[in-house]
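So the structure is just underneath, and the comments pick up after that.
Bear in mind these aren't lab numbers, they're just calculated from the coordinates by the rules spelled out. Note that this is a predicted model, so its numbers are computed, not measured. With ideal geometry, Cβ positions are generated from the backbone for all residues, glycine too; neighbour counts draw on all protein chains shown.
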Amino acid sequence: MGEYSKRFFSIKNDREFKFLFRKGETCVNYAFVCYFRENKRRRNRCGIVTGKKIGNAVTRNRSRRVIREAFRFFDHDLRQLTEKRYDFIFVARSQTASQKSQKILGLMNKKLKPLLVPETNG
């Protein structure tokens, strides 16, 4: 399968989405809004939400693909840095579809990773 897994573990239950929206921490930027919370599972999971305000079906699907691909690399890096596992929900914004997945990955590393992996001085 290579260094980066192709398998994508997703959140599918409406109950889990609502729980993360209510109880999760948030990270907001111009490309997406992320809700996250630590879980007790062995792997990180991700759910992606794209509303109709973003655009037509092609635009919404592109937004989901871009976030999914960026998360695949982000997940690999996160598993290397910490033993904790998280549930994520990404809410796509209007800028998401026009971005490349590497740009979204950079935003995840810059904004989201410091919240998940505290820096150790020493």
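Annotations
- Annotation note: Cβ proximity below 6 Å between a residue of the stretch 55-69 that is closer than 13 Å to R93 by Cα and a residue that is of a type in the set (G, A, S) (sequence gap 6+ or interchain) occurs for T59/A97; R62/A97; S63/A92; S63/A97; V66/S101.
- Given (1) of a type in the set (G, A, S); (2) crowded, with 16+ Cβ neighbours inside 10 Å; (3) over 15 Å from the mean Cα position of the chain (by Cα), number of the condition A92 does not satisfy: (3)
- Listed by first and then second residue, the pairs with beta-carbon distance under 9 Å, at least 6 apart or on different chains, first residue in the stretch 79-95 and part of a loop (DSSP other than H, G, I, E, B), second acidic (D, E), are K84/E38.
- Test: T59 is under 20 Å from T26 (Cα atoms) and either buried (at least 17 other Cβ atoms within 10 Å of the Cβ) or touching a helix residue (DSSP H, G or I) at 6+ places or on another chain (Cβ under 9 Å) (or both): no
- When E83, E38, E69 are checked against the criterion of being acidic (D, E) and touching a helix residue (DSSP H, G or I) at 6+ places or on another chain (Cβ under 8 Å), E69 stands alone in meeting it.
- Restricting attention to the stretch 46-78, the residues being in a loop (DSSP other than H, G, I, E, B) and of a type in the set (G, A, S) number 2.
- Residue within the stretch 72-84 that is acidic (D, E) and touching a strand residue (DSSP E or B) at 6+ places or on another chain (Cβ under 6 Å) present: no
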